[in-house]
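In what follows, a single structure is set out as structure tokens and then discussed.
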Amino acid sequence: MRCERCQKPAIMHITEIHSDAQYDEHHLCEECWRTYQTQPEPAAKPAPKPANPSGLEEHEEALALNERQCDHCGIKFVDFRNTGRLGCPHDYEAFQSELVPLLESIHGTAQHTGKKPKRLPETRSLLSELARLRKQLAEAIEQERYETAAQLRDAIRQKEQH
């Protein structure tokens, strides 16, 4: 997402709530955010009147979206917007159509590509397999079975690369 004033990457996302139905969103870079903080607050402005019927429809859609909620934990989308926190894992499904574009704009993708936890079962089994192969390698070297040792060494290298 870009800063609404200078088009640099926005790092601050501010939602000003004027009433239950009226709010303003601001997306600012750090520099513009500092300027925004030092500006005096403007006088309360009247609720904007839509210029055409489609503006009214968009406003009603936004209100309906803010009232949508998760069936499991009851959090409303407006609560997520205000706090930036979801209530339960089911919220990702309940608000998927809104969260996917948000995640893509923030992270560049909506799919996690980070490291795998070490405690995963497949990682544990790989580590125990490597330990077993190393023990066999040490025994083969001790017994001077060098061909078997070379095969075990290659197997260990192959498993370590995955």
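The values are calculated or read from the model by the stated rules, or taken from the named source; none is laboratory data. Remember, predicted model here, so these are calculated numbers, not experimental data. Note: ideal-geometry Cβ built from the backbone for every residue, glycine included; neighbour counts use all protein chains shown.
Of the conditions (1) of a type in the set (D, E, K, R); (2) touching a strand residue (DSSP E or B) at 6+ places or on another chain (Cβ under 8 Å); (3) modelled with pLDDT of 90 or more, Glu139 fails just one. Which one is it?
Here Glu139 meets the rest and fails (2).
For the range 64-77, name all the residues that are within 20 Å of His13 (Cβ to Cβ) and part of a helix (DSSP H, G or I).
If the condition is that a residue be within 20 Å of His13 (Cβ to Cβ) and part of a helix (DSSP H, G or I), then Leu65, Asn66, Phe77 are the ones that fit.
The rows are residues; the columns are (1) charged (D, E, K, R); (2) assigned to a loop (DSSP other than H, G, I, E, B).
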| position | (1), (2) |
| --- | --- |
| Glu4 | yes, yes |
| Gln7 | no, yes |
| His13 | no, no |
| Glu16 | yes, no |
| Asp20 | yes, yes |
| His26 | no, no |
| Cys32 | no, no |
| Thr35 | no, no |
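One residue is enough: does the range 142-152 have a residue meeting the conditions of a type outside the set (D, E, K, R), more than 29 Å from the chain's Cα centre (by Cα) and modelled with pLDDT under 90? Don't jump to the end; show me each part of the working.
Restricting attention to the range 142-152, the residues satisfying the condition of being of a type outside the set (D, E, K, R) are 143, 146, 148-152.
If we keep only those that are more than 29 Å from the chain's Cα centre (by Cα) too, we end up with 143, 146, 148-152.
Imposing the further condition that a residue be modelled with pLDDT under 90 reduces the set to none.
No - not one qualifying residue is present in the range 142-152.
Filter the range 78-118 for residues that are of a type in the set (A, V, I, L, M, F, W, C), closer than 19 Å to Glu67 by Cβ and in a loop (DSSP other than H, G, I, E, B) and give the result.
Step one: list which residues in the range 78-118 are of a type in the set (A, V, I, L, M, F, W, C), which gives 78, 80, 86, 88, 94-95, 99-100, 102-103, 106, 110.
Then keep just the ones that are closer than 19 Å to Glu67 by Cβ; that gives 78, 80, 86, 88, 94-95, 99, 102.
Passing the criteria: Leu86, Cys88, Phe95.
Residue check: is Ser128 of a type in the set (Ser, Thr, Tyr), out of contact with any strand residue (DSSP E or B) (no Cβ under 8 Å at 6 or more places or on another chain) and surrounded by fewer than 11 Cβ atoms within 10 Å (Cβ to Cβ)? First the steps, then the outcome.
On the way: of a type in the set (Ser, Thr, Tyr): yes; out of contact with any strand residue (DSSP E or B) (no Cβ under 8 Å at 6 or more places or on another chain): yes; surrounded by fewer than 11 Cβ atoms within 10 Å (Cβ to Cβ): yes.
In short, yes.
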